[in-house]
Structures are given as structure tokens and as C-alpha cells.
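Here is the structure we will look at, set down as C-alpha cells.
Taken together, the values in this text are just the output of simple stated rules run on the coordinates, not laboratory data. Since we're looking at a predicted model, the values are computed, not measured. Quick reminder, even Gly has a Cβ in these numbers, built from the backbone with ideal geometry, and neighbours come from all protein chains shown.
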Amino acid sequence: MVIDERTYTIKPADVEDFLRMYDELGRETQQRILGNMIGYFTVEVSVVNQVVHMWGCESRADRERRRGILA
């Protein structure tokens, strides 16, 4: 398994809006194309303006194919 981990840095005041908009507009499409969502994470202390998400892929080729479709 290959894990595709991505970290996004957002203005601190906008994290809640980002998560709401992602849930409403982006999550379903990403889940349908990328498949195995391992998790979508935020923190409440330290670097509070980062969102990390992780997707599991069967192989690097599978990851590249899925990311290409998503693009």
C-alpha cells in the first residue's frame, strides 16, 4: 500500500469554512475517485491552521492514475 499524505496550510480564521466547504463540495468527488480515505485531520493546539488528509492506494501507479483522473 502507498499512502498519499497532503498537508494544506490555511488562514487560521478560515479552517472551519474550508472544512465545511470541502464536506459540501469536494469530499464526495475525491472519495469516489481516490477511493480509500484513511483520514482527514486537524489539530486544536500547535499548528492550528493545517489540514492533513491521507489516502491509501494499491501502488504508486494506482496513485498516479487516480490523481490524474482527479486533476
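Data for the structure
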| quantity | calculated |
| --- | --- |
| Full-stretch length increase - Y8, T42 - with 0.36 nm per residue and alpha-carbon distance subtracted | 11.2 nm |
| Vicinal HN-Hα couplings computed from phi for the stretch 45-56 (Karplus, 6.51 cos²θ - 1.76 cosθ + 1.60; Hz; Gly/Pro x) | 9, 6, 7, 7, 10, 10, 10, 10, 10, 10, 10, x |
| Rough spin-label spacing in nm, given labels placed 7 Å along Cα→Cβ, for R67 and L19 | 2.6 |
| Nearest 10 degrees, 0 to 90: helix 60-70 Cα axis against the chain principal axis | 60 |
